[in-house]
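Heads up: the structure comes next, in structure tokens.
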Amino acid sequence: MELRLRSVHHFRLQEPAMYEFSYEVQDAPSGSDFGHREQREGDAAWGSYEVLLPDGRKQIVDYQADQDGYNPRIRYEESGYPASKGAGGPY
């Protein structure tokens, strides 16, 4: 398969970016439990993402990103799920 870029179009946005999204995945057979939420207004975005770790804790990252950079705050919560069995987790 060959992919070629024939032309590039440059355009200028007339309005600042504004959006909001979120998703969550919880699949007990595979042990997957993660999600992400984000909002953006102009040059600033903020939100959080989380993932269930193999030791049973949930890692949560709250963040803000703007012209000054990416600023995360990382925290952990007990999830109520047991730790996964084996070194590779449930996979």
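Every read-out reported here was derived from the displayed coordinates using simple, explicitly stated rules and does not represent laboratory data. Because the structure is predicted, anything quoted here is derived from the model rather than measured.
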**Request:** At 0.36 nm per residue, minus the direct Cα-Cα distance, what do E15 and E38 gain on full extension? Give it in nm, one decimal, please.
**Result:** 6.4 nm
**Message:** Compute the distance from the alpha-carbon center of region 65-79 to that of region 26-60, in whole Å.
**Reply:** 11
**Message:** Quick query: amide H of G56 versus all other amide H atoms, modeled in the peptide plane; which residues come in under 5 Å with a sequence gap of 5 or more or a different chain?
**Reply:** S84
**Fill in**
Honestly region 18-78 on the Cα gyration tensor test (a ≥ b ≥ c root eigenvalues; a/c under 1.5 rounded, otherwise a/b vs b/c for prolate or oblate) is just oblate
